[in-house]
Amino acid sequence: MLEERGNARGEPGSEDRSVTGEPERGGPFQMAGERLVPFSGMERILIGLDADQCVAVTTTEGPVLVVAGPGSGKTRVLTHRVAYLIGSGRARPWQIVAVTFTNKAAREIRERLGGLLGTESAQLVQAGTFHSLCVRILRRDGYRIGLEPAFTIYDEEDQLALVKQALRDLGLDPQRFSPRMLLGRLSRAKNDQHSPSDLQSMAQSYWDEVAARVYERYAQYLQRAQAVDFDDLLLRTVELFTEYPDVLAHYQDRWRYLQVDEYQDTNRLQYQLVRQLASGHRNLCVVGDPDQSIYSWRQADIRNILEFQRDFPDATVIRLGRNYRSTPQIVAAADAVIRVNRQRIERPLWTENPPGPPIRLLACWDEQQEAEMVVSEIDRLVRTGNARYRDIAVLYRINAQSRSVEEALVRRQIPYQVIGGVRFYERKEIKDALALLRVLVNPRDWLSLRRVLSETAFGRGIGEKTLLQLEQWGQRQQCSPADVLLLLVEEREEAPALAAATVRRLRELGGELVRLRAAMVEHPASQLFDLALERSGLAARYRDASDPTERERWENLVQLRSVLERYDTVPAAEGLPLFLEEAALVAAIDEAEMSGDQVTLLTLHAAKGLEFPVVFLIGVEEGLLPHARALESEAELEEERRLFYVGITRAKERLYLSYCSSRNRFGLRERCLPSHFLDDLPPDVVEAGSRASERVPRVAPPAGGHAGPVESSAPVVPRLRAGQRVFHPAFGDGFVVAVREQAGDQEVTVQFKRHGTKTLLASLAKLVVEE
DNA sequence: CCGTTCGAATTTTTT
DNA sequence: ATTCGAACGG
């Protein structure tokens, strides 16, 4: 995001400069390096690509669909395609758009492109997420649909606050109408391009009715605050293009070649946007993998990829099935798992890579032991020189799972980073400071003003009542509460019927805001930040606190300031909006630090598009993967399986899958069963003796009703399987970690609760199977 | 109007 | 276990 500052507004001026500044053929390819015979541009760009990849790179005109399996060189194709477009003279860098799923992916494409073409060209290519692209469009042209360039972007917390406010206005109980659920409905409505009145007329139930009325108020609030939510960024851009064909024409003319990555996870609005932008030249290349579609809960619509050929009948379809990333064992496991899905186009996936170690299953007591096993294996791999910390990732379904692993890593003093979780920009103190800056940039943002009033000393003496007065008063004057404050300072307005002391406070506050806004024009962002923090009392509150957690919050604010400093080359009035945009649109993964040598912990969702030599996928249990909340429908279950597939395919060489037999949830211990997804792993790619299937009797999959949950026979010497709980007369309770078949007998490795791990012969050990 | 305290829900994934 | 809202006392 940062590196786009120079041309973020997309003014024509920057284009003109670069037309003359664009190096001629040969210039970008001087890096061809040690070769004696200089490459022509094309050779350098196409070298090392396989036949299919080559077609994907060189089919530049017209619609192209690239169905790319995991590890098939998707990013490589995308990057080389852009390089080819430029190198061949078909397009100038700024005429090319590469839409990525995260800012990090955009950054990576630009970096790789820099290696192929030189950084100047690479910087001019328009690479970013749908959302950041839309921000740029709306900042420039949004005024046409009533959006000032200083508009604020609301995050989910802000959205929830608005929904709750709307519910309060309507006299409805937020307990009865879950704001979260309502927000989901609004998001769906927006993605279907339904207006509040559409929703109203389609309403089938009281709930629908409520949703429609909440939506109406919600939209009003956004407009009044000159704010947009994530969906609006897309929706309002589509609106802009629909209502102002000349604006659309401008972008169609400018952006002649469109590339869309992770196409399987686009939603209908994004598709609409793509169609609008591509409808003139039709140079549209989408790259995706239906098997890796894992964002349907965010309205991603798999139809976008499945129906691409219907919408673009002349599309060239290219399939990349060869995996360059993983060992044959990992590829075979992934293929076997994904094959079970019924809603799927069958597709080959193979690799020529040399075999690696088998996939290992780790059966554990609980998450503490799971973490121990993972961490000691990490330690072993690093000690034996099989991996560096940075080669290793621990993947999980939900963020809460990182905790036990973190604790174990801290105990062993192993460096690590957690991606996601409570994100930096979502911390309370950060949001307080951001609210302050938002109000200065966009005084109409009353939600942020409200936050400033309730969370900082600026609000001392001003409570809910007064704020309500301000709002009502503002509405009568057709202006925002902050405007009212400004008017009060100028004494151009009679004060509302409030106590004299309150009016004095309001005037004071108005004065503070006026001064800070004036400072914004003269000082760089970081200085304004200091000033705002001092004046609002936020600085004193955190900096001078004795409570260590409060002091930690101060550290975070200091860190925030250092981010702001990157915008200090221009006055805050210009720099702040860009900074606020970055703050609103950073993805969890964007914050990943890839330079240090540390283990990476992240969710399966965040791991999309990444690869690691060593992957631990933990918590492969029923209820977790698949998640208990995703068992409503076959479609949801299939998405969970795709998630598992995504996890498996992140691994290049070593893959470990772990599960527990009990786990703490909501403070209580709960029993867990291994995920039935494990049953689909081919036996020959999993380490012998650690097979999970056939082991624990289980409830049948939802469609088939319930199977008998009890094993049929109970032999005198029980047949043991990994994962079983056992009791030993001397060692007590234990857990079967592994079983090795041994000429009519079994050699069992048992982890005892009290006595550590022992390897025993089943015929002699008098083990009793529990349950 | 402000701060504290208690009770309750809450967690699936995130631009 | 944490966080959010309601309720209460200052």
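Bear in mind these aren't lab numbers, they're just calculated from the coordinates by the rules spelled out. If you're wondering where the values come from, they're calculated on a predicted model, not measured in any experiment. We place every Cβ from the backbone using ideal geometry, glycine too, and count neighbours over all the protein chains shown.
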Item to complete: For n ≥ 4 DSSP H runs only, could you compute -39500 (n - 2.57) per run for chain A, divide by its residues and tell me the 222 nm figure to the nearest 500?
Response: -13500 deg cm²/dmol
Worksheet item: Taking Cα atoms, how many degrees apart are the long axis of helix A:500-522 and the longest axis of chain A, rounded to 10 and kept between 0 and 90?
Response: 80
Item to complete: Mind checking which of A:Tyr271, A:Ala393, A:Leu117 is farthest towards the positive end of chain A's charge dipole, using Cβ charges of +1 (Lys, Arg) and -1 (Asp, Glu) about the Cα centre?
Response: A:Ala393
Practice prompt. Provide the descending list of Cα extents for chain A along its principal axes, expressed in whole angstroms.
Written response: 96, 72, 54
Discussion item. Sort A:664-671, A:523-530, A:557-564, A:86-93 by the packing proxy (mean of other Cβ within 10 Å over each peptide's residues), most packed first.
Written reply: A:523-530, A:86-93, A:557-564, A:664-671
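With +1 on the Cβ of every Lys and Arg and -1 on the Cβ of every Asp and Glu, and nothing else charged, how large is the dipole of the range A:152-225 about its Cα centre, in debye rounded to the nearest 20? Before the final figure, lay out each step's value.
Numbers: 10 positive and 11 negative charges, 22 e Å.
Dipole of the range A:152-225, to the nearest 20 debye: 100 debye.
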Item to complete: Towards the positive end of the charge dipole of chain A, with charges on Cβ (+1 Lys, Arg; -1 Asp, Glu), say which of A:Gly734, A:Ala545, A:Phe101 has the farthest Cα.
Response: A:Gly734
Worksheet item: Does anyone have the angle between helix A:103-117 and the longest principal axis of chain A? Alpha-carbon axes, 0 to 90°, nearest 10?
Response: 90
Practice prompt. Tell me the label-point distance for the pair A:Gln417, A:Gln343, using the 7 Å Cα-to-Cβ offset, in nm and rounded to one decimal.
Written response: 3.5
Worksheet item: What is the fewest-to-most order of A:His250, A:His676 by other Cβ atoms lying within 10 Å of their Cβ?
Response: A:His250, A:His676
Response to the item:
The size of the Cβ-based charge dipole (Lys, Arg +1; Asp, Glu -1) of chain A about the Cα centre, to the nearest 20 debye, is 720
Worksheet item: Of A:Gln223, A:Gln193, A:Gly421, whose Cα points farthest to the positive end of the dipole of chain A (charges on the beta-carbon: +1 Lys, Arg; -1 Asp, Glu; origin at the Cα centre)?
Response: A:Gly421
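For the range A:152-225, what number results from the quotient of the Cα radius of gyration and 2.2 N^0.38 Å?
Details: Rg = 11.3 Å, N = 74, 2.2 N^0.38 = 11.3 Å.
Taking N as the residue count of the range A:152-225, the ratio is 1.00.
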Worksheet entry | In degrees, nearest ten, helix A:268-278 long axis to first principal axis of chain A (Cα) | 70
Worksheet item: Sorting A:Ile145, A:Ile378, A:Ile294, A:Ile430 on the 10 Å Cβ count, fewest up front, what's the list?
Response: A:Ile145, A:Ile430, A:Ile294, A:Ile378
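Hey, how much of the P(r) for the range A:424-585 falls beyond 22 Å, as a percent of Cα pairs?
Numbers: 5366 of 13041 pairs.
So the pairs more than 22 Å apart make up 41 percent of the total in the range A:424-585.
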Worksheet, complete the sentence: Ordering A:235-244, A:629-638 by per-residue average of other C-beta atoms within 10 angstrom, highest first, gives A:235-244, A:629-638
Worksheet entry | For A:Thr60, residues with placed amide H under 5 Å, excluding near neighbours | none
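At a Förster distance of 60 Å, what's the computed FRET efficiency of A:Asp733 paired with A:Tyr206, Cβ-Cβ distance as r, to 0.05? Walk me through the intermediate numbers first.
Working: r = 53 Å, r/R0 = 0.88.
About 0.70, to the nearest 0.05.
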Response to the item:
At the level of C-alpha centres, the distance separating the range A:357-416 and the range A:603-681, in angstrom, is 15
Worksheet item: Of A:Lys428/A:Lys465; A:Lys431/A:Lys465; A:Lys74/A:Lys104; A:Lys431/A:Lys608; A:Lys104/A:Lys428, which pairs sit farther than 21 Å apart, going by alpha carbon to alpha carbon?
Response: A:Lys428/A:Lys465; A:Lys431/A:Lys465; A:Lys431/A:Lys608; A:Lys104/A:Lys428
Discussion item. As a footprinting exposure proxy, order A:Thr384, A:Thr75, A:Thr649 by other Cβ within 10 Å, with the fewest listed first.
Written reply: A:Thr384, A:Thr75, A:Thr649
